[in-house]
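A.B. asks: What follows is a structure written as structure tokens; I'll ask about it next.
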Amino acid sequence: LSLHDALPISLSREEFRDRVREALRSLGEPLALADNPLIHCQAVRARVPTRADVAARAAGLQAVLLEQIEALGGGDRGDAWRRVVRAAYVGPAGKQEAVARRLGLSYSTFRRQLAAATEHIVARLWQFEVE
């Protein structure tokens, strides 16, 4: 474990949002998650031991994101967001146009809901990061 591995990440809000989006897109790819600086974010650090290796941190990031996706549920809007995010990022999704059709949504509605849900996840994780 290097000193860098033990330090919290230092990203701007925009960089943090971009890294969350990247992590969601690579949710099922442990090697891609291992390269994401969010493996050092507070939510992951709270979940995995301090001396955890990169693979354990990547698994921790995956678990944090899956929890955030599930936490979207509750109420019509939250359930719709969770459904869209699951379809886009959990399991084999395919092209977003096809995912939108499979969900019975227009592509613009799908993209709008996906963007709103992603921003909600970013906001929750950012709050944890800065507290």
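A.B. asks: Anything in the range 78-99 that is surrounded by 14 or more Cβ atoms within 10 Å (Cβ to Cβ) and without any contact (Cβ under 8 Å) to a residue 24 or more places away in the chain? List them, or say none.
C.D. replies: Within the range 78-99, Gly78, Arg83, Arg86, Ala87, Ala93, Gln96, Val99 meet the criteria.
A.B. asks: Moving on. Does the range 100-117 hold any residues that are open to solvent by 50 Å² or more (accessible area, probe 1.4 Å) and either more than 18 Å from Glu22 (Cβ to Cβ) or in contact with a Phe, Trp or Tyr (Cβ under 7 Å, 6 or more places away or on another chain) (or both), and which are they?
C.D. replies: Result: Arg101, Arg102, Gly104, Ser106, Tyr107, Ser108, Arg112.
A.B. asks: One residue is enough: does the range 12-30 have a residue meeting the conditions among the aliphatic types (A, V, I, L, M) and open to solvent by 20 Å² or more (accessible area, probe 1.4 Å)?
C.D. replies: No, because not a single residue in the range 12-30 is among the aliphatic types (A, V, I, L, M) and open to solvent by 20 Å² or more (accessible area, probe 1.4 Å).
A.B. asks: Then there is this: Ala63 - would you say it is farther than 19 Å from Ser10 by Cα, at pLDDT 95 or above, surrounded by fewer than 17 Cβ atoms within 10 Å (Cβ to Cβ) and within 14 Å of the chain's Cα centre (by Cα)?
C.D. replies: Yes.
The values are calculated or read from the model by the stated rules, or taken from the named source; none is laboratory data. These figures come from a predicted structure and were not determined experimentally. Ideal geometry is used to build each Cβ from the backbone, glycine not excepted, and the neighbour counts take in all protein chains shown. Side chains included, ligands, DNA and RNA excluded: accessible areas come from the protein's heavy atoms. Shrake-Rupley method; radii C 1.70, N 1.55, O 1.52, S 1.80 Å.
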